[in-house]
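Heads up, the thing below is written out as structure tokens.
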Amino acid sequence: MTSFLTAFFSGTAQGAIYALVSLGLVLVWRGAGVVNFAQMGQAMFTTYIASQLIQHGYSYWSAFIVALVCGAALGAIVDLGLMRPLTSRKNSKLLNSQSMRTTIPVIASLGILGVLKALAGIFWAGEERGFPSPVAPNAIKIGQTNLAITGFDLFVIGVVFLTLVLTTIFFTRTGMGLAMRASALNPEVTRLSGIKVGSVRTLGWAISGTASSLAGLLVTPRTNLSPNTLDLLLIVGFTAAVVGGLSSLMGCVLGGFILGYVISFVNVYSAPENVFIAILIFLLLALFIRPQGILGSKEVRRV
Amino acid sequence: MSKGIKPVRLKYKVIGGRSTLLSVALFLFFILLSKQFDAYNQSQLTNIATLLIAVFSITLLTGASGQISLGQGAIMAVGGYGSALLVTRLGLSMWLAFVLAIFISALFGLFLGLAAARLSGPYLAGTTLVMALAIPSIAVRFESFFSGDVGLSVDYGTPPTWLSNLLGEISIEQWSLYVVLPFTAIALFAVLNLSNTRAGRTWRAVRDNEVSAALAGINIGRTKVVVFVCASALAGLSGALYGFRGLVAPSVYPTDLSLTLLTAAVIGGLRSVGGAIFGTFAIVFLPDLIEKITKNFNVPETIGNYLPSLTIGILLLLTVILNPRGAAGALEHIRHRRKH
């Protein structure tokens, strides 16, 4: 029973982080039609910035805020500096082909990932370092009995819950959020109704950058920080997004939690080295049984 | 009929001709180049000849048929483990193991292709990336069979006496090159023929527009599976040759290997065989070149270690933004401009 509870609570906390990552992926996918494989590279970079600030004596929370702002800026830079010139290129022979239009941005995002990793290596010597958490990672005690949940887990769940509520309010109650949804649905019509689709798209990249930066800050106290630690997070986030439906924001959050439980239960009841295989099998099953995802709408092929 | 329009004759390229010539030329070029090199650069040349086969697989997969794979390194691992197990467990000869590795990885590619035919673009990229991470971990999971992180040690063996008698003393580095090169030449021959014949035209049609390809009577799903089988066969062969440099282990086929191969193909030009050759040379020799340059400038080691990957990353980004068709595309552009 205790191992079940441990798996359940750590699954919830991990799932919350995966939900953030897949939210970041889906935001960019809906807005720009690109799966950003550099996303966790951006998060790794901003987490290093936060870690550097903390080492220089700044408080955790000021570093936290700076990292989130840097995440937003990095996301916007990637869109403005790379993705927009890339997709607006009309007369390229290569990009005229249907399949290459989706392939080339993927390659570009891998290029960003490589550059960010190399830069992190140059600036911070690629060393593995710990990252502090504002809450002690000990199990919470009531009287003498240890609960299966740690204070840090609660912190993570709380922060992610808050983020999800804010995101929901943003997308349902604010004009900017509605504009983003509209331009994801139909860019042409949205442009005709006077919304600057390009800026809205950049905003999507910025929010995605913030979300993944937050995920980086929340996961590194447990995994430590090195240029490669967040790669796994990208894989899991992608799988979560596919499981939930790449086109659905609710779906990808759901997918994140499902993946959190799957990985956590495999970790507790099986062995940690089975995690990768479990992810691969889960992804393949999801693709075969329900390729559009749990909450995704059936994809309409545009001719 | 006075001066009517001549009926268009489709040119059927004779299998052989030009591609045989080019393959032989590549073979001789590598041999001649290796004569100029010291032992270290000879082994780098062997790496190029080996990785070239895997880059060709991306030329077919992404360049010719428009499917992306971030997991070619994992397929290389399949070929590597297949051949290494055949040699160490069953005591087969190395050459037979290489040939069988082609079939093993082609079979793997068949399964992969059946899954991939349903996917496109980013779905395919993500799934193959997950595969690139998961496959090496299988070797750790089933440790008793694949010997885990330690890996299987295999090597190219020693040159047969008749060859030494013929060519004089043959060093280990030279022998490795002689083992790999015939396969590279055959791979080049196969890729050239595949892209210039009916199969290649079908693949390009699917790449450029699936709907119109389907209307022209092409079975999209089957075409995609066939491409995956061909590409996996090439990648698996490359992986087998790559492993026989000394060790077949998860660390030999990391995720970065898959990305390096893709980078080589993109920098050289995804759609061009010559571009693949150029890109592979660039990827292998660029780090050495940068090291030579930084030595003169007294760059601290921490920066020097990461300069190659930074340069290659920036090169990839510049290629994608400024000239998505790579070096080969740029060359064609210049030639085109001269004509007019």
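Miscellaneous remarks
- If the condition is being among the hydroxyl-bearing types (Ser, Thr, Tyr) and touching a residue at least 60 places away in the same chain (Cβ under 8 Å), then segment A:151-182 contributes A:THR163, A:THR167.
For every residue, the table says whether it meets (1) more than 19 Å from the chain's Cα centre (by Cα); (2) closer than 22 Å to B:PRO250 by Cβ.
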{"site": "B:ALA49", "(1), (2)": "no, no"}
{"site": "B:ILE53", "(1), (2)": "no, yes"}
{"site": "B:LEU60", "(1), (2)": "no, no"}
{"site": "B:ILE68", "(1), (2)": "no, no"}
{"site": "B:GLY73", "(1), (2)": "no, yes"}
{"site": "B:MET94", "(1), (2)": "yes, yes"}
{"site": "B:GLY113", "(1), (2)": "no, no"}
{"site": "B:LEU119", "(1), (2)": "yes, no"}
{"site": "B:ASP155", "(1), (2)": "yes, yes"}
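- Condition met for A:GLN14 (buried (at least 24 other Cβ atoms within 10 Å of the Cβ), closer than 13 Å to A:VAL78 by Cβ and touching a helix residue (DSSP H, G or I) at 6+ places or on another chain (Cβ under 8 Å)): no
- Condition met for A:ALA38 (surrounded by 24 or more Cβ atoms within 10 Å (Cβ to Cβ), more than 12 Å from chain B (Cβ to nearest Cβ) and out of contact with any Phe, Trp or Tyr (no Cβ under 7 Å at 6 or more places or on another chain)): no
- Residue within segment A:62-72 that is closer than 27 Å to B:TYR123 by Cα and part of a helix (DSSP H, G or I) present: yes
- A:ARG222 vs. criteria at pLDDT below 85 and assigned to a helix (DSSP H, G or I): yes
- Residues of segment B:303-328 classified as at the interface with chain A (Cβ under 7 Å from one of its Cβ atoms), in a helix (DSSP H, G or I) and closer than 24 Å to A:ARG84 by Cα, total: 8
- The number of residues in segment A:215-244 being buried (at least 24 other Cβ atoms within 10 Å of the Cβ), within 14 Å of chain B (Cβ to nearest Cβ) and small (Gly, Ala, Ser) comes to 4.
- Scanning segment B:282-302 for residues being within 14 Å of chain A (Cβ to nearest Cβ), modelled with pLDDT under 85 and either crowded, with 17+ Cβ neighbours inside 10 Å or in a helix (DSSP H, G or I) (or both) gives a total of 3.
- Within segment B:187-217, considering residues that are within 14 Å of chain A (Cβ to nearest Cβ) and either in contact (Cβ under 8 Å) with a residue 24 or more places away in the chain or in contact with an Asp or Glu (Cβ under 7 Å, 6 or more places away or on another chain) (or both), the one surrounded by the fewest Cβ atoms within 10 Å (Cβ to Cβ): B:ASP208
- Residue list for segment A:245-258, filter: surrounded by fewer than 24 Cβ atoms within 10 Å (Cβ to Cβ) and at pLDDT 90 or above: A:LEU254, A:PHE257, A:ILE258
- Single residue of A:LEU74, A:LEU68 found to be in contact (Cβ under 8 Å) with a residue 60 or more places away in the chain, crowded, with 17+ Cβ neighbours inside 10 Å and touching a Phe, Trp or Tyr at 6+ places or on another chain (Cβ under 9 Å): A:LEU74
- Listed by first and then second residue, the pairs linking a residue in segment B:119-139 that is facing chain A (nearest Cβ under 7 Å) and touching a residue at least 40 places away in the same chain (Cβ under 8 Å) to a residue that is among the polar types (S, T, N, Q) and in a helix (DSSP H, G or I), with Cβ atoms under 6 Å apart and 6 or more places separating them unless they lie on different chains, are B:GLY121/A:THR102; B:LEU133/B:THR255.
Residues are listed down the side, and each one gets a yes or a no for (1) of a type in the set (A, V, I, L, M); (2) touching a His at 6+ places or on another chain (Cβ under 7 Å); (3) part of a helix (DSSP H, G or I); (4) more than 12 Å from chain B (Cβ to nearest Cβ):
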{"position": "A:TRP29", "(1), (2), (3), (4)": "no, no, yes, no"}
{"position": "A:VAL34", "(1), (2), (3), (4)": "yes, no, no, no"}
{"position": "A:ILE49", "(1), (2), (3), (4)": "yes, no, yes, yes"}
{"position": "A:VAL78", "(1), (2), (3), (4)": "yes, no, yes, no"}
{"position": "A:VAL106", "(1), (2), (3), (4)": "yes, no, yes, no"}
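- From the options A:LEU74, A:LEU68, residue that is touching a helix residue (DSSP H, G or I) at 6+ places or on another chain (Cβ under 7 Å), closer than 20 Å to B:ILE314 by Cβ and modelled with pLDDT of 85 or more: A:LEU74
The values are calculated or read from the model by the stated rules, or taken from the named source; none is laboratory data. Only a predicted model underlies this, so the values are computations on that prediction, with no experimental measurement involved. Every residue, glycine as well, gets a Cβ built from its backbone with ideal geometry; the counts of neighbours run over all protein chains shown.
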